[in-house]
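Peer 1: A single structure is presented below for examination.
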Amino acid sequence: MHAVAWIQRLASGGPDARSRLEAALAEVGPDAATVFTPIAAEAELVDAAILGRSLVAAEAAWRADLTSILVPLGLALPPHVELDGPARGDSFGPGRLGHSEAFTWLWGEFTSVRRSDPGAIW
């Protein structure tokens, strides 16, 4: 809700705010869906209820949510990416490992609390 409120505020906050929002979305947009890249043993994780649904289903739900938020504001959706996962037999496809500097920085911000206490159980 907080993010949606800010997106709405920035999208309608004048030309400068909107252009900066569009630039930020364009910068991280190509990496956004890569967090849904399928992982090895995903079916087992879904069967054990560790994951509530497949990552492909999660990406589809995320994209539907984004569509309902961004499209009415005239904002572009992130591009579709090929979510190349463990079909090759590895744990992580290139979608999980090949990120831009902008995404790497953002991921670092989102995960900084977890890294601040490596011994903690979250």
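The values are calculated or read from the model by the stated rules, or taken from the named source; none is laboratory data. This structure is a prediction, so every number in the text was calculated from the model and none was measured. Here the Cβ is made from the backbone with ideal geometry for all residues, glycine too, and neighbour counts use every protein chain on show.
Peer 1: Go through (1) under 14 Å from the mean Cα position of the chain (by Cα); (2) surrounded by 15 or more Cβ atoms within 10 Å (Cβ to Cβ) for Val46 and report which single condition fails.
Peer 2: Only one criterion is unmet by Val46, namely (1).
Per-residue answers, yes or no, for (1) in a helix (DSSP H, G or I); (2) surrounded by 15 or more Cβ atoms within 10 Å (Cβ to Cβ):
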position	(1), (2)
Ala3	yes, no
Trp6	yes, no
Gly13	no, no
Arg20	yes, no
Val28	yes, yes
Val35	yes, yes
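Peer 1: Applying the selection to segment 52-82, what residues are assigned to a helix (DSSP H, G or I) and among the charged types (D, E, K, R)?
Peer 2: Glu59, Arg63, Asp65, listed by residue number.
Peer 1: Moving on to the next point. Can you find a residue that is surrounded by 13 or more Cβ atoms within 10 Å (Cβ to Cβ), of a type in the set (S, T, N, Q) and at pLDDT 95 or above anywhere in segment 64-71?
Peer 2: So far as segment 64-71 goes, no, none of its residues is surrounded by 13 or more Cβ atoms within 10 Å (Cβ to Cβ), of a type in the set (S, T, N, Q) and at pLDDT 95 or above.
Peer 1: In segment 1-51, which residue that is acidic (Asp, Glu) and touching a Phe, Trp or Tyr at 6+ places or on another chain (Cβ under 9 Å) is modelled with the highest pLDDT?
Peer 2: Among residues in segment 1-51 that are acidic (Asp, Glu) and touching a Phe, Trp or Tyr at 6+ places or on another chain (Cβ under 9 Å), the one modelled with the highest pLDDT is Glu27.
Peer 1: To continue, here is another question. What are the residue pairs meeting all of these: first residue in segment 98-110, first residue closer than 11 Å to Val35 by Cβ, second residue surrounded by 10 or more Cβ atoms within 10 Å (Cβ to Cβ) and of a type outside the set (Val, Ile, Thr), Cβ atoms under 6 Å, and 6 or more apart or on different chains?
Peer 2: Sorted first by the residue in segment 98-110, then by its partner, the pairs are His99/Asp31; Phe103/Asp31.
Peer 1: Would segment 75-98 turn up any residue that is modelled with pLDDT under 85, touching a helix residue (DSSP H, G or I) at 6+ places or on another chain (Cβ under 7 Å) and of a type in the set (A, V, I, L, M, F, W, C)?
Peer 2: Yes - at least one qualifying residue is present in segment 75-98.
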